[in-house]
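Reviewing the structure listed below.
Just so it is clear, none of the values below were taken in a lab; they were calculated from the coordinates. Everything quoted here is computed from the prediction, not taken from an experiment. Cβ: placed from backbone, ideal geometry, glycine included. Neighbour counts: every protein chain shown.
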Amino acid sequence: MFTALFAAALVAAAAPAAQPAATPGQTATLSLNQAVNRGLTENLTYLRAQESVSAAIARLKQARAPELPFLVLKDAYKNTNPLASLTLPLPPPLGPVNVTQGLENANDPRIALQYTLFDGGKTASQAGEAAASLASVESQLRAAADGTVQSVSDGYYRLLEARRLADVADEAVRVDQAHVKQAQQFLQAGTVARSDVLRAETTLANDQVAAIRAHNSADLAESSLDNALSYPATTHLVLTDSIGQSVPEITLEALQSAAHVNRGELQAARYAIDAAHATIGIARSDEVPSISLQASEGNTQPQLVSGFRAQFMLQLDAVWTLFDHGLTAGKIHEAESQLRNTELAYRQTEQGVDLQVEQAYLDLQASRAAVGAAQRLVTFAEENRRLAEERYNAGVGTAVELADAQLNATSAQQELVKALGDQQTALVDARYAAGLLGR
């Protein structure tokens, strides 16, 4: 059931399902699947993660650009003094004659094709680093989606639980009101003392206070879910799922295996190691020469001859830094240290995920056992209340016994509701720990 429920979560932002709209004071009917889809389209953390992916794609495009030739258009304009002066020794009356040659204004427009033939693997390493960073950011997006699904699902089930607890509190008040009416009738008949009425009225007042608090808790839970789904705070949410749904059996080994494959944090940490390896390649590229080729065509104006002169030029440049005061060595050492740090970060993340999976599994097992125990408790408490009411009606029971039985029955119902809610949220948390939400 849950696999189908979360199947569309990661793609919901790209192609969101129709989401119930609501204005202040209106009602929105939501299944858990609809709530998850709306959460992914409205959650700011998830939307920011999407923008990070877009930025990483742009960085990868930039890193790969030097792999292809660049086409550039450039122009150089010069204003200079004449470079040559010539005196012609002509006989009189013609000479001598002074002649100056040179260009005061020179314009050199040119179109050029530039291509890097060899850069010691720098471009390839930069592209590799950008690709690894993109994969890491995409994994973080997946983790953000899982976190959003977990948050919305927990809020959904907590609201269902709070409303069920409010219903239990209301039912206790109704039973108390019946007991007060019954005690008053018995008092008028002279079969009970005034203290029985006071006991019933005190129990009623206590349960009325508890009901007020229960409804306030439900209102707070609804407000939190409204906020998570970007609904107006006054929107009334009608939830169509139930906390009483069955929970499948899941083994610890299956959760751990899934976590190592699917957890976005682990995937991001792995890709961070790849990016760190690429950073070392970038640093090492400065140890070798870089060779580039440029072919250009354009105007060349000799200094002593005016006019346009088309000229094709082929230029090969080689640059090799022989000594840089340890700059390159420092970059390499820094990159190697960063790689070791990244590997340690991966191991730390892996340990954290394993611990989270184990704790989530134990919580799920405990919540499943708690549901069974709570169901038995409700059975016993309801039977005890029934017997207490029969004894009281027959005049052989006391008001204290009846009040205690009612209190125990209400408490048992509350424990069952809490156990059912905890079971559903424990399943969500276990799937989150295993990286299965959104899949």
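Can you give the local net charge around A211? Use residues other than it whose beta-carbon is closer than 11 angstrom to its beta-carbon, Lys and Arg +1, Asp and Glu -1.
Numbers: positive: R174, R213; negative: D167, D170, E171, D176, D207.
Taking every other residue near A211 into account, the sum is -3.
Could you tally the net charge around Q423, taking each other residue with its Cβ under 14 Å from the Cβ of Q423, Lys/Arg +1 and Asp/Glu -1? It would help to have the intermediate numbers written out before the result.
On the way: positive: R158, R164, R368, K418, R431; negative: D154, E161, D241, E249, D363, E415, D422, D429.
Charge balance in the 14 Å sphere: -3.
For a test of the definition: using alpha carbon positions, the gyration tensor, and the 1.5 limit on a/c, classify segment 386-439 as rounded, prolate or oblate.
On the way: a/c = 9.18, a/b = 5.87, b/c = 1.57.
Since a/c reaches 1.5 and a/b is larger than b/c, the shape of segment 386-439 is classed as prolate.
Per Stokes-Einstein, at 10 °C and 1.306 mPa s, what whole-number D in µm² s⁻¹ belongs to the chain, with the Kirkwood radius over Cα pairs as the hydrodynamic radius?
Working: Rh = 29.2 Å.
Here the translational diffusion coefficient equals 54 µm²/s.
What do you get for the angle between helix 327-393 and the principal long axis of the chain? Use alpha-carbon atoms, 0 to 90 degrees, nearest ten.
20 degrees
Angle check, please: helix 32-42 long axis (alpha carbons) against the longest principal axis of the chain (alpha carbons), in degrees 0 to 90, nearest 10.
Between helix and principal axis, roughly 30 degrees.
Lys/Arg Cβ at +1, Asp/Glu Cβ at -1, dipole of the chain taken about the Cα centre: which of A405, A269, L293 is farthest positive-ward?
Going by the charge dipole, the pick is L293.
Lys/Arg Cβ at +1, Asp/Glu Cβ at -1, dipole of the chain taken about the Cα centre: which of A143, S367, V428 is farthest positive-ward?
So the residue furthest toward the plus end is A143.
Fully extended, how many nm does the chain gain between R64 and A295 (0.36 nm per residue separation, minus their Cα-Cα distance)? Intermediate results must be reported in sequence, preceding the final value.
On the way: separation 231, 0.36 × 231 = 83.16 nm, distance 2.12 nm.
Result: 81.0 nm gained on full extension.
Which ³J(HN,Hα) values in Hz, rounded to whole numbers, follow from the phi angles of segment 217-231 under the Karplus curve 6.51 cos²θ - 1.76 cosθ + 1.60, where θ = phi - 60° and Gly and Pro get x?
In residue order, the calculated couplings are 4, 5, 5, 5, 5, 5, 5, 5, 5, 3, 5, 5, 9, 6, 8 Hz.
Could you tally the net charge around P248, taking each other residue with its Cβ under 12 Å from the Cβ of P248, Lys/Arg +1 and Asp/Glu -1?
Working: positive: R368, R431; negative: E249.
That works out to +1.
Over the Cα atoms, compute the radius of gyration (one decimal) and Dmax (the largest Cα-Cα distance, rounded to a whole number) for segment 339-393, in Å.
Taking only Cα atoms of segment 339-393, I get Rg and Dmax of 23.6, 79 Å.
Using Cα springs under 10 Å in a Gaussian network model of the chain, which residue among V72, V137, V197 shows the largest mean-square fluctuation?
V72
Over the chain, what is the mean sequence separation of C-alpha contacts under 8 Å (at least six apart), divided by residue count, expressed as relative contact order in percent?
Details: 670 pairs, mean separation 105.9, N = 439.
Relative contact order for the chain comes out at 24 percent.
In deg cm²/dmol and to the nearest 500, what is the mean residue ellipticity at 222 nm of the chain if only DSSP H runs of at least 4 residues count, each as -39500 (n - 2.57), divided by the residue total?
Numbers: 9 runs with 273 residues, N = 439.
That calculation yields -22500 deg cm²/dmol at 222 nm.
Cα centroid distance between segment 108-151 and segment 308-343, in Å?
What the calculation gives is 19 Å, centre to centre.
Once amide H atoms are placed 1.01 Å from N in the peptide plane, what residues at a sequence separation of 5 or more from L239, or on another chain, have their amide H within under 5 Å of its amide H?
Under 5 Å from the amide H of L239: L30.
Taking the Cα centre of the chain as the origin and placing charges on Cβ (Lys, Arg +1; Asp, Glu -1), which of N384, L117, L239 is farthest toward the positive end of the dipole?
Checking the options against the dipole of the chain, the answer is L117.
Any idea what the dipole of the chain comes to, in debye rounded to 20, about its Cα centre with Lys/Arg Cβ at +1 and Asp/Glu Cβ at -1?
860 debye
Whole-Hz ³J(HN,Hα) for each residue in segment 270-276, computed from phi via Karplus 6.51 cos²θ - 1.76 cosθ + 1.60 with θ = phi - 60°, x for glycine and proline: what do you get?
5, 5, 5, 5, 4, 5, 5
Taking the mean number of other Cβ atoms within 10 Å as a proxy for protection, how do you rank 228-238, 315-325 from highest to lowest? Mind dumping the intermediate values first?
Numbers: 228-238: 16.4, 315-325: 9.6.
Ranked from most to least packed, the peptides come out as 228-238, 315-325.
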